[in-house]
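Have a look at the structure below before the remarks.
Throughout, read-outs are computed from the coordinates displayed, never taken from laboratory work. What you see is a predicted model; the values in this text were computed from it and never measured. Here Cβ is always computed from backbone atoms with ideal geometry, including for glycine, and neighbour counts include all displayed protein chains.
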Amino acid sequence: MAKKDSGKPDGPKGAQKPLSPLLRVPPGGRVGLAAVRADATPAGPAGKAAGVAATAGMAERLGSLQERLYAASTAGDRRRVLLVLQGMDTSGKGGTVKHVIGLLNPSGCRIKAFKAPTPEERNHPFLWRVRKALPQPGEIGIFDRSHYEDVLIARVRELVPRSQLGGRYAQINRFERSLADDGVTLVKVFLHISYEEQRKRLLERLDNPEKHWKFAPGDIEERSVWPAYQEAYELALERCSTDAAPWFVVPADRKWYRNWAVGKLLLEHLEDIAPQYPKGDFDVEECRARLLAT
């Protein structure tokens, strides 16, 4: 996981380094978010212009791999991808969906933004609504918030007893292990924003009438429990980063880096899956001859 550094973008050579090992939370590892620079750009391109260009440059490769993943599913391949985005308000979950998932074919994506549970959802176990939103074979699923809300806000706001809360980490790990066993590649990303940058972004929403719909007075109250949220995230990252479903911490103060990093993580995981187009179960030459004869 990225620790404190100068905050300066790495040079062009750094952009070629695999990103996943740098941002991954090792299983059983300790997490201290205070030691992670939210404005750092580990292995990133040399500045905003290069970062924006590099993100756009991923589109062709991402699109090709996405198509292969979907094509493979038509022949019975059950593999799919689930990108989980978590972070404090203004960390850029929606912006990441717009800028990164916008590089993909929307017909092959399943996007779900989790809000406060409905009365029906509260009548079921907390993973019930999550199971209903999972991607199908061949799809790329994106969760804007997720089942982790049930160990984050539920912990900070004491919505459930601590004794019950403790068992949820193990439930989540078993759930994610079962997904991995069924062909789901989980890419869990914590968008790490600083306290100061969040204030700046909230002020921008207040200063722009066209962004008032994105602001709620409760956002200010939530800042009063910032340390509690940081502790809750640290616990979730520590207890639920496993070999089957690791967590990645992406510094999110620089939006261009956030977008590049999430796109890069998605690309690396799709390349690891290496989906292939299925072979046709028909005689190509015979079909060609028949078609030419029509």
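Summary of computed values
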item	result
Over 28 Å (Cα to Cα) - which of Lys132/Lys255; Lys17/Lys112; Lys115/Lys200; Lys48/Lys93 fall in this group	Lys132/Lys255; Lys17/Lys112
Interchain or long-range residues, amide H under 5 Å from Arg110's placed H	Ile140, Gly141, Ile142
Cα-centre dipole for the chain with unit charges at Cβ (Lys and Arg positive, Asp and Glu negative), debye to 20	400
Distance (nanometres) between label positions extended 7 Å along Cα→Cβ at Ala59 and Gln164	4.7
Euclidean distance of C-alpha centroids, the stretch 59-102 and the stretch 225-294, integer Å	5
Overall form of the stretch 146-262 per C-alpha gyration tensor (a/c, 1.5; a/b vs b/c)	oblate
Extended-chain gain in nm, criterion 0.36 nm per residue less alpha-carbon gap, Ala216 and Leu22	66.4 nm
Neighbour cut-off at most 12 other Cβ (10 Å), DSSP loop, trypsin sites (Lys or Arg not before Pro), the stretch 39-91	Arg78
Summed side-chain charge close to Glu121 - residues other than Glu121 whose Cβ falls under 15 Å, Lys, Arg +1, Asp, Glu -1	+4
Between the stretch 21-41 and the stretch 149-166, the Cα center-to-center distance that results, in Å	23
In the stretch 185-289, the chymotrypsin sites (Phe, Trp or Tyr not before Pro) that fall in loop regions by DSSP, at most 12 other Cβ within 10 Å	Phe282
Vicinal HN-Hα couplings computed from phi for the stretch 210-227 (Karplus, 6.51 cos²θ - 1.76 cosθ + 1.60; Hz; Gly/Pro x)	6, 10, 4, 5, 8, 10, 9, x, x, 4, 6, 4, 4, 5, 5, 10, 3, x
Stretchable slack from Ser107 to Glu120, in nm (0.36 nm times residue separation minus alpha-carbon distance)	1.8 nm
Restricting the stretch 217-294 to trypsin sites (Lys or Arg not before Pro) in coil, as DSSP defines it, with at most 16 other Cβ within 10 Å	Lys279
Helix-derived mean residue ellipticity, 222 nm - over the chain, DSSP H n ≥ 4, -39500 (n - 2.57), to 500	-13500 deg cm²/dmol
